[in-house]
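We did not get these values from a lab; they are worked out from the coordinates using the rules stated. Keep in mind that this is a model prediction, so the values were computed, not measured. Neighbour counts run over all protein chains shown; Cβ positions are idealised from the backbone, glycine included.
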Amino acid sequence: VAPIVFSQLVPASAPVEASEMIESLELDPAGHPDRPYVVVNFVASADGRATFDGRSGAFGDDGDKAVFHALRERVDAVLAGTTTMRVENYGRILGKAERRERRLAAGRTAEPLACTVSRSGRLPLQVPLFAEPEAEVVVFCPAAPTDDSIRASVHWEPFDGQTPMATVMETLKRSYAVESVLCEGGPTLFSALLGEGLVDELFLTVAPKLTGGGDPKPITGGPPLPDLAQLELRWALQRESTLYLRYAVNS
Ligand SMILES: NC(=O)c1ccc[n+]([C@@H]2O[C@H](COP(=O)([O-])OP(=O)(O)OC[C@H]3O[C@@H](n4cnc5c(N)ncnc54)[C@H](OP(=O)(O)O)[C@@H]3O)[C@@H](O)[C@H]2O)c1
């Protein structure tokens, strides 16, 4: 019988900076001529929950923040569900000027496009993102938003209950030259993307915490997938008791 071999992650080899590793990522859309490369980022408790007391904040640590911001700095667009935008009170995507300057120096736009999708048309227009004059936002929803409070530059794209997420991705590529998308959840939107086979990678921070049962949502939502999505481990980083996993998604 062949031995079952494991790789030893701890103790670690040379220390690495997650932000440098993420900056050098090749988010290659070559395999998909019609859509951008799509990565998803979540933080979860060790029992797989995406929220505690209704939000994800209780799980994050400095390492998770570093991954979160480095991914934002790396991509062309950031996509979040309307509930996530509302609950997490989204502001502009790159709040720190030094991050925007680094992107410009790397030949990118100053900030990724912020994107959201709504079937109902109930957009979270009260979050700071929409009041930010320098923010550029694409909203996929049934009708163009008309609210006097909007200061961001908002582009409207038609979207209703019948529109597949593939159309959203195609539109981002075709009309906005987006080659890489970071989806920040939530679980419902993540599962909609998984269900259409639109996710290339999952970045998952496993926080050393347990929530117990009750309300906390798992990192996926909606109906079960028709088949298991298969994950392939690309890297596993460890800092204190937190694990930072990067998976390729083969769905
Ligand atoms: N741990 C983490 O890393 C993490 C990350 C993100 C979010 N969260 C947490 O997750 C919670 C929010 O997640 P959620 O799953 O409730 O909501 P969500 O995925 O953020 O947003 C769901 C909404 O997206 C819209 N939508 C657009 N296209 C859709 C489609 N094809 N299928 C389904 N929905 C579509 C719908 O908006 P309309 O109703 O307007 O039609 C739907 O209600 C919050 O508590 C947040 O704190 C945690």
Whichever residue in the stretch 131-140 is over 21 Å from Ser175 (Cα atoms) and either of a type outside the set (Gly, Ala, Ser) or within 14 Å of the ligand (Cβ to nearest atom) (or both) and, among such residues, is surrounded by the fewest Cβ atoms within 10 Å (Cβ to Cβ): Pro133
Please find, within the stretch 108-130, the residue that is surrounded by the most Cβ atoms within 10 Å (Cβ to Cβ) out of those that are under 15 Å from Thr83 (Cβ atoms) and of a type outside the set (A, V, I, L, M, F, W, C). Thr116
Inter-residue pairs, beta-carbon under 8 Å, first over 18 Å from Gly81 (Cβ atoms) and in contact (Cβ under 8 Å) with a residue 40 or more places away in the chain and in the stretch 217-240, second of a type in the set (Gly, Ala, Ser) and surrounded by 15 or more Cβ atoms within 10 Å (Cβ to Cβ), 6+ apart: Leu237/Ala18; Leu237/Gly63; Arg239/Gly63; Glu240/Gly63
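Looking only at the stretch 199-242, filter to residues that are in a strand (DSSP E or B) and among the small types (Gly, Ala, Ser); which one of those is farthest from Ala58 (Cα to Cα)?
Only one residue tops the list, namely Ala236.
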Can you run down the residue pairs with Cβ atoms below 8 Å, 6 or more apart or on separate chains, where the first is in the stretch 188-204 and under 18 Å from Ala30 (Cα atoms) and the partner is within 11 Å of the ligand (Cβ to nearest atom)? Leu198/Met165; Leu198/Ala166; Val199/Val40; Val199/Cys183; Val199/Phe190; Val199/Leu193; Glu201/Val40
Of all residues in the stretch 175-205, how many are within 13 Å of the ligand (Cβ to nearest atom), over 11 Å from the mean Cα position of the chain (by Cα) and acidic (Asp, Glu)? 1
